[in-house]
Every structure is written in C-alpha cells, then in structure tokens.
1. Taking square-rooted eigenvalues a ≥ b ≥ c of the alpha carbon gyration tensor, is the range 210-277 rounded, prolate or oblate, where a/c under 1.5 means rounded and, failing that, a/b exceeding b/c means prolate?
2. Could the peptides 148-160, 202-214, 65-77, 101-113 be put in order, highest first, of the mean number of other beta-carbon atoms found within 10 Å of their residues?
3. Just to check I understand the Karplus step: with θ = phi - 60° and J = 6.51 cos²θ - 1.76 cosθ + 1.60, what whole-Hz values come out for the range 381-390, glycine and proline as x?
4. Whole-Hz ³J(HN,Hα) for each residue in the range 97-102, computed from phi via Karplus 6.51 cos²θ - 1.76 cosθ + 1.60 with θ = phi - 60°, x for glycine and proline: what do you get?
5. Only Cα pairs under 8 Å and at least 6 apart count here; give the relative contact order of the range 1-112 as a rounded whole percent.
6. Report, to the nearest 10°, how far helix 109-118 tilts away from the longest principal axis of the Cα atoms in the chain, using its own Cα long axis and a range of 0 to 90°.
7. How do 178-184, 427-433 rank on mean C-beta neighbours within 10 Å, highest first?
8. Is the shape of the range 337-404 best called rounded, prolate or oblate, per the rule: a/c under 1.5 gives rounded, else a/b larger than b/c gives prolate, else oblate, with a ≥ b ≥ c the square roots of the Cα gyration tensor eigenvalues?
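The values are calculated or read from the model by the stated rules, or taken from the named source; none is laboratory data. Just so it is clear, the structure is predicted and the values come from calculations on it, not from any experiment. Counting neighbours? That spans all protein chains shown, and the Cβs are built from the backbone with ideal geometry, glycine included. Surface accessibility is based on the protein's heavy atoms, side chains included, excluding ligands, DNA and RNA. Shrake-Rupley method; radii C 1.70, N 1.55, O 1.52, S 1.80 Å.
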Amino acid sequence: MIYPLQVLIIPFYDEWPSILVRTVYSIINRTPRHLLQEIILVDDASTMSELKEPLDWYIKTNFPTGLIKIIHVPTRQGLIKARLKGWKLSKGEVVVFFDSHMEVNLDWLQPLLTEIKINRKTVAMGVLDYINSETFEYRFNEGYMTRYGFDWRLVFFETFFRQDQIGPSEESTRPGTVMVGAAYAIDSKYFGEIGTYDEGMKVWGGENLEMAWRVWMCGGRLVHLPCSHLGHIARSQPYDFPGGRRNIEVFNYKRAIEVWMEPEHKQFVYDHFEDMQEVNVGDLTDRIALKKRLNCKTFSWFIENIWPELHVFNKDVFAWGSARNLQNNMCLDNHQYLFQAPEALFAEVCHYKLSTQGFSWTREKLLRTSLQCVVLKEFFEGAKPKLEDCIIGPRDTWMHEKSGFLKHEKTGLCLDVDATGPVMRPCRQEVISQKWQFNQYNY
Ligand code: UDP
Ligand code: MN
C-alpha cells in the first residue's frame, strides 16, 4: 500500500518550550520517516521570548534540514485560524492537526492513514491518553472504546460505547463519536471541500463540535481507532481569552447552532445561555451556503443516527418540560449535573428552563433529562432518587398519569418531596406532594 505524505500542523500559544519540543521529538521518534513529510509549527504570537529566536535556533541545529518549518504570526489568531494558516502552507496529501502538548505512542499514524485510504471522507482519530501535567506520567487508556458526546450546553465529554454497540454490528449501523479532538488526521483536499473551519469563530471553543456535525451531516465520518494511541497533557489553559472565555464560547456556539441546528434544538441551547439571544455573531451567509452546497442532512438526522443518546426533550415522550410539584410549586432540578456519576436529584423553585429543569417522561417510561435517568439505588421508603447516566447506567421505568403520581414501577413507591428534597414514599391519593405535573402532555 502506498501511503500519502503527511504534514503535521501544530499551532501553539505560550506553550512551555520543553513541552513543545517533547511533542516534536515524540513525533519524529515514533513516525516512520517515509511517512513524515514536514512538521509545521505555527507560533500564534506567543509572548514568551524563548519561543522566538531561541526556538528557531534550537530547531535549526537539532533536526534535519527542511523537516520542521516554523512560522511566527504577528498577531494572535486563535487556534482555529492558526490551524488554517498551517494548512494553507502545507503540501501533504494528509494533514494531521495536533495540540502542542502531546506525546504520540508507537505506530500511532498507520491506523489513521489506513482508514483515510479506505474512505477519504474520514476524520481519523486515535485514543487520547492522559499525561499528568505535574508528573508527566503517561496513562494508557485501554479496555474501552473512546467516544465523545455533548449535551445541550454544548459541553463535550468522554463517554463509551456500550458492549452492544461494539459487538458484531456493522460499522454502518453503529452510532458515532461526535467530537473532533486535540489530534486528528484528514485528507487535505477533503478538509478544504468540507469547509475547513468557520473562520468567523474566535480563539478556541465550539469548532470541534461544529466540525463534527458538519462532517457527519455532509457525508463524511469520524472514527476513533483503538490501535492508535496519543498522549495529551491535561492541564488548565495557560492563556486568557480576549473578552473572557465564556463570551467567546457563547459567540462561537451561536455561530455553530445558527447554521446547523433546527429551531427546536436551538431553543434547547438558548435555554442554557440567557445572553445568547442578544449576541451578534455577524454574517453567516457563507456557512449556510456551504451547508446547501454540500447537500447536508438535518440535525435531527444527526441526533437520530450518530448521537441517539442525547435526548430531545419533546421527542418520543408522553410528557415533557418541567415537572412541577402541586403542593409546593417546586420543580425537579438537576443543578447542572455532571455526567456519569450518580447525582442527587433536587426540587427547586420552578423557573421552567430546560437547562436545569428539563425533564421528560418518555415512551419508554423513563423519567429523564437530556442525558441522565432518574433511578433508585435503594428500594425502601425514604430512599432518595438519583440521576444516573442513561447511556451506560441503569434505566428504571416510571408510571405517570395526569392525576399526578410519578410511580417507580419496580418498587411501586411514589415520588414525593419534603424539606430534604425528592424522596420515595408509599403512594397515597390524598398526599398532594406526590402529585406532579409536566407543562406539556402529548396525549
Ligand atoms: N492555541 C493557539 N492559539 C490560541 C489558543 C490556543 O494556537 O489562541 C493552541 C494551543 O497552544 C494548543 C491548541 O491551540 O496547542 C489547543 O489549545 P488547548 O490545548 O488550550 O485546548 P484544550 O486541549 O485545552 O482543549
Ligand atoms: Mn490541548
């Protein structure tokens, strides 16, 4: 098999020089030389003087001539535009984008290239391993297939394929991974065809989700290959965001959702960001034209086929919105849950925003939020209901009628609320605090 030529593109902003150099050494030591055409380092207007002449000199004197190109851009571009700068200079058939604090593992590249060779419309990623930022210990991630997901806050997180999703099922029927991460390989021409990045986005944030949606919806695919391992130093960001990180994220997210989501999905996101509606994100005509030109599928298609674990509050449900207690007008609330860990369920004054008070009673009889299911861990009177990951956790079923009970099917206990929050009690018709009402019913 003839492999295409690779170019690695590594933007950096104020990266510690030894870490940047470690990244480069690991690539050189662990990539077959005939597969590596060039490494392009893009200094995104770093402020550290060590990253200027001393770095140029180090590269010049320690590496083969022509293997490493370094460009210093005069003003900070942000990750998105810095990657694009590197891509425009590259001449390889395949480009690999990297963060500046990585350590590649043995034979990391070949699996990625193989998948691109099989289907050029592929974003190929390996398994990201954690490198501890204080000890530099490399923790090899094995035993499960990495997958990334996101919720309606657009926070992405690492998750897993369930056993039944890995098994013998055809790849084409398996749901996908939904994030482009710190490192991926892509056919350089395809990267152009698919619309590179949204250049209107700023600094960092949201570009990974936008790209994932675009690739899947417009005919490509994202793969995580378990035999390719890449270490990434997990550390807090050593730089600031002009205007504040949150404002930049809201800006970038809004650009992404306005192009790719349908109105109902956008509303779910808006419910998490009170100020998002007001933000002016500038002109989106080019991105909308791109979506048309590429004949992309809808966001509903994306959720159904690639990320079916993300619950659409009003889809396949008997009741949804917020669940209000008739006795004290408190609503079930998830307090901005984290993922996976079993979390407490709360009752708070109703604000009816889906952000923390979005609950559905689904056709599968689950009582759930966008990613978590309400379950019991203990089966006695007085037990506190918990929120558990719906993807890999248990899935208890509940009965609900408009009369109000939310009854846990397995135990027959009813969801009640007292001063300590939601609690399970034997069902009694006359107890008003066992009566709940959703704001929308579909029957
Ligand atoms: N980066 C950059 N310019 C910026 C911000 C980040 O070139 O304005 C680089 C950064 O040095 C790193 C990459 O973009 O190589 C990704 O950023 P980071 O690692 O902070 O993102 P994280 O891994 O935390 O998501
Ligand atoms: Mn990083």
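1. Oblate, because a/c is 1.5 or more while a/b does not exceed b/c.
2. Peptide ranking by packing, descending: 202-214, 101-113, 148-160, 65-77.
3. Once rounded to whole Hz, the list reads 4, x, 5, 9, x, 10, 9, 10, 3, 6.
4. With coefficients 6.51, -1.76 and 1.60, one gets 9, 10, 6, 8, 9, 10 Hz.
5. Over the range 1-112, the number comes to 47 percent.
6. 80
7. 178-184, 427-433
8. Rounded, since a/c falls under 1.5.
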